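Student: To start, I am sharing the structure in question, which I have written as structure tokens.
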Amino acid sequence: MRQQIDNWQALASRDFFKSYRRAMKGHALFPADARIADTLVTLFMIEKASASVSNELTQRSKTMDVAVQRLVQLAQRKR
């Protein structure tokens, strides 16, 4: 079932962005280069996902702060 959901999401996203690009073609604020447009859309989606993670972390208990701080410390550790 998960595979079918993932496939549906991929198809729906592809068709949505195809239609969106067609509708925005020639608009001054939309990049003419498809690669740049795709990069900007990906950046936007990453920002939205990051905001979602941030909101979830904010709603968790204080113990989550300790775990995240530990992860940051480990990531910054010199090798």
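The values are calculated or read from the model by the stated rules, or taken from the named source; none is laboratory data. In this text, all values refer to a predicted model and were calculated from it rather than measured experimentally. We work out accessible area using only protein heavy atoms, side chains counted, and drop any ligands, DNA or RNA first. Shrake-Rupley method; radii C 1.70, N 1.55, O 1.52, S 1.80 Å.
Student: Using heavy-atom solvent-accessible surface (probe 1.4 Å) with all chains present, what is the largest-first order of 77, 21? Mind showing how you got there, number by number?
Tutor: Working: 77 150, 21 80 Å².
Output order, biggest surface exposure first: 77, 21.
Student: Hey, any idea what Rg/Rh is for the chain, computing Rh the Kirkwood way over Cα pairs?
Tutor: Details: Rg = 18.6 Å, Rh = 16.1 Å.
My calculation of the ratio gives 1.16.
Student: Tell me which DSSP H helices of the chain clear both cut-offs, 30 Å or more of axial length from alpha-carbon atoms and a mean Kyte-Doolittle hydropathy of at least -0.5.
Tutor: Details: long enough: 2-24 (32 Å, -1.11); 34-59 (38 Å, 0.40).
Qualifying helices, which must be both long enough and hydrophobic enough, are 34-59.
Student: Separate question: Among the aspartates and glutamates, select those whose C-alpha is under 16 Å from the C-alpha of residue 48, and discard any that sit fewer than 8 residues away in the same chain.
Tutor: Straight-distance partners of residue 48: 38, 56.
Student: Continuing with this model, one more query. Taking 0.36 nm per intervening residue step and subtracting the Cα-Cα distance, what contour gain separates residue 27 from residue 70 on full extension? Don't jump to the answer; show the numbers that get you there.
Tutor: Values: separation 43, 0.36 × 43 = 15.48 nm, distance 4.60 nm.
Gain on stretching residue 27 to residue 70: 10.9 nm.
Student: If you count only protein heavy atoms and use a 1.4 Å probe, how large is the accessible surface of residue 74, to the nearest 10 Å²?
Tutor: Counting only protein heavy atoms, the figure is 60 Å².
Student: A further question follows. I'd like to check one number: the per residue accessible area of the chain, probe 1.4 Å, reported in Å² as a whole number. Please report the intermediate quantities before stating the final value.
Tutor: Values: 7430 Å² over 79 residues.
It amounts to 94 Å² per residue over the chain.
Student: Can I ask one more? Could you please put 72, 41 in sequence from largest to smallest accessible area, using a 1.4 Å probe?
Tutor: Details: 72 70, 41 35 Å².
Output order, biggest surface exposure first: 72, 41.
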